[in-house]
1. Can you work out the base-10 log of I(q)/I(0) for the range 139-195 at q = 0.16, 0.17, 0.23 1/Å, using the Debye formula on its C-alpha atoms alone?
2. Excluding ligands and nucleic acids, what accessible area in Å² is computed for residue 147 using a 1.4 Å probe, to the nearest 10?
3. The range 316-388: percent of C-alpha pairs farther apart than 17 Å?
4. Please compute, over every Cα-Cα pair in the range 351-410, the percentage with a separation greater than 17 angstrom.
5. Output the direction-averaged projected area (hull surface divided by four) of the convex hull of the alpha-carbon atoms of the range 26-102, in nm².
6. Would you mind checking 299/368; 201/270; 223/420; 270/302; 201/368 for any pair whose Cα atoms are more than 27 angstrom apart?
7. How fast does the range 128-226 diffuse by Stokes-Einstein, in µm²/s, taking the Kirkwood radius from C-alpha pairs at 10 °C and 1.306 mPa s?
8. What is the helix-to-structure angle for 286-299, meaning the angle in degrees between its Cα long axis and the longest Cα principal axis of the chain, kept from 0 to 90 and rounded to the nearest 10?
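The values are calculated or read from the model by the stated rules, or taken from the named source; none is laboratory data. These figures come from a predicted structure and were not determined experimentally. Backbone-built Cβ (ideal geometry, glycine too); neighbour counts: all protein chains shown. Calculation scope for accessible area: heavy atoms of the full protein, side chains included, ligands and nucleic acids excluded. Shrake-Rupley method; radii C 1.70, N 1.55, O 1.52, S 1.80 Å.
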Amino acid sequence: MSANGERLPGRAVTLTGWGRVEPSAAWLADPASSAEAAAFVQSAASAAGRAGVIPRGLGRSYNNAAQSAGGLVLSTAWLNQIISLDPATGIAVCEAGTSLEQLMLAGLPHGWFVPVSPGTRQVTIGGAIAADVHGKNHHVAGSFAGHVRDISLLLPSGELRTVTPGSDPRLFWATAGGMGLTGLITRATIQLTKVETSLLKVDTVRTADIDETMAVLAEHDTKHCYTVAWSDSTATGARTGRSVITSGDFAAAGDLPASLRAEPLAFDPKPRLGAPNAFPVGVLNRYSVRIANEIWYRKAPKRRDSEIQSIGQFFHPLDGIRNWNRVYGPGGFRQYQYVLPSGEEASVRRSFEMISGLPAPSFVTVLKRFGAAGSGLLSFPRPGWTLACDFPARTPGLLPLLDQLDRLVTEHGGRVYLAKDSRVSRPTLEAMYPRLQEFRAVRSEIDPEGVFASDLSRRLDL
């Protein structure tokens, strides 16, 4: 119900993000059209004591960006159709609830792949724009919004407006990375990327320490479209930051072995395993993570060139395990991701030293490089180094460590990712995002009554 006890449309639910922390109760509605979505927004906007409306896709934000305690959450589950896909140009028109996986399944038979893919393909087009997601190819392709031709945006007033980077750049770039706070994206036009096969040629290098890791990443960025390092967060001393770097490019048909040439664009997205509904508390601890990291590091070859890998292997290994977030147990997990500018390699090294001292360090620890910043007012990437870590949420000493990392990142000109953050303070955020006031100005113009709001936006005064 709204703050004065009035029932909002939809059904009562309790929601979390993918990290399964910070649950809140709200009303969830599933509009099947733009007109129905507009009616839901107007109903919530007119409710006395309203608590806010926020869109929600597949719930893969790690925090509470797609939650609105006591308010209305608009699911895009039924707004998930691919309206058109031109096989000659690779231009796709999709409803906001279309997943990246859907777009891959539709595009790959014609030789088209999504221009940017994060670590999961279970992300909607609307969510990819709202978080302005990035991938392993940021150094050459930028982030997702740079490949969007236009969006249809349902404004707080109920108006459905077509917005392009040329027609309304302020609103477009406030929406790109704006975490759903400028309105509900109902559809978008995306330029896909041409590929000859659905397979990749991948080079693997095992590095001894953080200095070698950063040097190899910088070198491989000049030679490959996609680069990433899995890093051992438990390694200390001379081994701090040791990593397994995988760098790849989509293979040409002639690169494939004879056994794969009959179906060069085949794509099988089905998960291979499923995580159990309940994991015992304490399975992930400093000892188990250290052992797992040691095994993962040792099983990688010191060097291997031109291995053929599938899209799932290279881009989305965790998608092979259904509901992998349950591995962290009932307490869930917090992901922390920062970017530090180029030239701050010593600060990156220091962050590894800080993390390796935690009782339960991160198992999924990913380091890569960003290219040029985009135009989004709250977009995360900027030139430099980005590190993402997953920590069991109940790890002793975790929150003080993250506060220390905040200070390191802020003092050295970096920022944290709004799609991952679940605890940064308002003053810290304001120090990290120099265009935050511009974003707030656009919000106040298009939504003076504060119709769109989330748990995240209330905490950070977005």
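1. -0.48, -0.53, -0.90
2. 40 Å²
3. Counting pairs separated by more than 17 Å, the tail of P(r) holds 56 percent.
4. Details: 832 of 1770 pairs.
Of all Cα-Cα distances in the range 351-410, 47 percent exceed 17 Å.
5. With every direction weighted equally, the projected area is 5.8 nm².
6. Working: 299/368 21 Å; 201/270 22 Å; 223/420 29 Å; 270/302 30 Å; 201/368 19 Å.
Check vs 27 Å cut-off fails for 223/420; 270/302.
7. After rounding, the answer is 100 µm²/s.
8. 60 degrees
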